[in-house]
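Just so it is clear, none of the values below were taken in a lab; they were calculated from the coordinates. Worth saying up front: this structure is predicted, and the values here are computed from it rather than measured. Every residue, glycine among them, receives a Cβ derived from its backbone with ideal geometry; neighbour counts consider all protein chains shown.
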Amino acid sequence: MPIRTLFGSTLPAARRTVALGLALAIGLGPFAAPALAQDTTPPATTSQPAQAQMQAPSSAQAAVVPTRQDYSKPRSHFINPVAPYIGRDVPEPSFANTARIDQLMRNGTLYLSMNDVIALALENNLDLAIARYNLSIADTDILRASSGGSTRGVASGLVQGTPGGGVGGFGTGASGAGAGGTTSGAGGAGTGTGGLVSSTLGTGTVIDSLDPILSSSLSLGHLTFTTPNTVTTGIPNVQQNTGTVNFNYFQGWSTGTALNVGFNNGRNVTNSPFTTINPNLTSSFRMTLRQHLLAGFGTAANRRFIRIAKNNREISDIGFRNQVSTTVSQIQNIYWDLVNAYEDVKVKQRSLDLANKTLSDNKKQVEIGTLAPIEITRAQSEASTREQDLIVSQTNLQLQQLLMKNAISRSLTDPQLATAPVVPTDTMAISDQEPVVPTQDLINDALGHRPELAQARIDLTNRDITKKSARNALLPTADLSAWYGGSGLAGDQNPLSPCGAPAPPCVQRTGYPQAFSNLFTGNLPDYGVGMSFSIPIRNRAAQADQVRSELEYRQAQMRLQQLQNQVSIEVRNAQYALQQNRARVEAAQKARDLAQQSLDAEQKKYALGASTNTLVLQAQRDLAQASSNVVLSTTAYEKSRVELDRVTGLTLDHNNISLADSEVGIVTKMPSAPGVTPRTDLTPDQQQPQQ
């Protein structure tokens, strides 16, 4: 059968070469290679140049986000016998923004509600896109551990590459390094997180391969040697032609049991006249069953990496939930910063308008001679200062718009998005009465919902697994073995034999089939049982690992308690900040009202000649500052509400965010953020309906 037909016409040349090599290696043995099914894996698409890949398509071309694949499952032999030996292709990442951005664009302006920005962040934010890979990476550890291999480790930290909207207050730790959020993570050997070492995590006895291993060796040889005594050999030069075909099968189990089956075949042809059978055909097999009795006994020692890998997968799930919560909190803060920037521009514009009006009034009074010309200079100076404040505020607004667009998109190379102004359609809704939740209730919520605590508890479980396996590794090695086998011999009477000695009774003048059948007749059995022991004198390496695993377990217990204390402080601090900022809002609003009243009174007095231009300008400055304080305090209050949700671990619940949507990057259920209200100064066309 042609190779191209055998392996499928769609296989790339490199794959056909690998498959051909495997088929030849297997086909040379007595086991016939089964017909190979066509590879169902689509060929990898041709990679574009790096520069072309970075040029993302426009927002109109929606990013297609596939359902996340489960890499914890291996490729099966049944569909394609060579599939386990062919690498998987991971889809190229998409740098296109989802169509939701285009749906929210009106006349070149991007109108965003709080729910819109959260949905866009779940679909496009690069921090989430990077962290999403950690879930599949953790799946590969489960697949690796299922074969008996050690875990590679998972990332459990945060990816924080999106600028703006700082998240976290008192007591928050630094984010992890690396693309996945940490340099390694829970389960990684030789590394640590949070200042904790984890070099003994997963230590213990060597685990046998839980994947069956089939090996074979084939050889052809020729040997010629000179004999010093022709009396014993009959000829001066002895020649031998040998051929061997050997097979071996090994399988380990998680109980500490291993099966080894060897099947050896040989053919020997010589010119020696004293060899009774020539050619000489031999065949033998031995099946050996071995069981660890001390070190390496039982599933606790041999399934430890599987348990750790599954726990690490849960750590990755919790870590991704933490990433979503942190990113959503950051997006909300960026949104409030954007609202603050717009409000600040309004305040600065009103202040400038008021200063310009004062300047115009002063000019009129100077013209009619009721005011000294110096007052025009003072009014011009005040107007210039207000104009400078407005320019700074407008620049800050442009920056906040850029930060928002960066946070909700994968690429800013789309010209329409890059130049589009961003207008928030929601504003802050401050209730008349702030609900008071007992501090202890908030702390209990945090202790039950904070992802960091859940990760620390699972990590403690992993260390307990390691602690037990390290104790098992202290034991000497004691193995019980049992074996059974047989051998067969066949061949022809040596025609070169000078004596014509007959062949042994058990050997008939037949070929290899007779030698193979003799394996199972019981005429030449090979069976027995045995014990083997290995006792390391002093055993210092195992002692060190066992003690270290105990110390690291106790250290992790202390770290968990420290995290609980830290969470309690963060909750109290967030509650204090919320109460403080609520009081600041009320005080700032009163101060603004009083400043407005003072300005009105000063202007009336000035009109009656009972005040001076300097006092009027000072009252204007006081009003401008008071108005800015209202905007700042209101923004701080909204951010403190966001922070309280984060430190209690309730961000996703309070914003009605689907974690399943977050994992695949497609929002099917719109979030519902609390504490916001639509702006009343926008037209119905600008109030974009949510998709």
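Of interest is the spacing of the C-alpha centroids, which for the range 427-463 and the range 345-407 amounts to 45 Å. For the range 388-437, the alpha-carbon radius of gyration amounts to 1.64 times the rule-of-thumb value 2.2 N^0.38 Å expected for a compact globular protein.
Around the amide H of D492, modelled in the peptide plane, lie the amide H atoms of N278, all under 5 Å away and 5 or more residues distant in sequence or on another chain.
Working from label points 7 Å from Cα in the Cα-to-Cβ sense, the R75 to Q240 distance is 4.3 nm.
Computed from phi, the 3J(HN,Hα) profile of the range 541-557 under the Karplus parametrisation 6.51, -1.76, 1.60 (θ = phi - 60°) reads 5, 5, 4, 5, 5, 5, 5, 5, 4, 5, 5, 5, 5, 5, 4, 5, 5 Hz, with x in place of Gly and Pro. Less than 5 angstrom separates the built amide H of G157 from those of T182, all sequence-distant by 5 or more or on a different chain.
The HN-Hα couplings worked out from phi for the range 444-457 by the Karplus form 6.51 cos²θ - 1.76 cosθ + 1.60 (θ = phi - 60°) are 4, 4, 5, 5, x, 10, 5, x, 4, 5, 5, 5, 5, 5 Hz, whole numbers, x standing for Gly and Pro.
Taking amide H atoms as placed 1.01 Å from N in the peptide plane, the amide H of D426 lies under 5 Å from those of M114, R679, each 5 or more residues away in sequence or on another chain. Overall form of the range 284-438: prolate. Here a/c, set by the Cα gyration tensor axes a ≥ b ≥ c, is 1.5 or more, and a/b is the larger of a/b and b/c.
Rounded to whole numbers, the Karplus 3J(HN,Hα) couplings from phi for the range 329-335 are 4, 5, 4, 5, 5, 4, 4 Hz, using 6.51 cos²θ - 1.76 cosθ + 1.60 with θ = phi - 60°, and x at Gly and Pro. Across the range 540-691, Cα pairs under 8 Å and at least six residues apart give a relative contact order of 22 percent.
Express the relative contact order of the range 311-397 as a whole percentage, based on alpha carbon pairs under 8 Å and six or more residues apart in sequence. Intermediate results must be reported in sequence, preceding the final value.
Values: 43 pairs, mean separation 32.0, N = 87.
Once divided by the residue count of the range 311-397, the mean separation gives 37 percent.
What shape does the range 288-364 take by its C-alpha gyration tensor, where a ≥ b ≥ c are the square roots of the eigenvalues and a/c under 1.5 counts as rounded, a/b above b/c as prolate, and the rest as oblate? Cα axes put the range 288-364 in the prolate bin.
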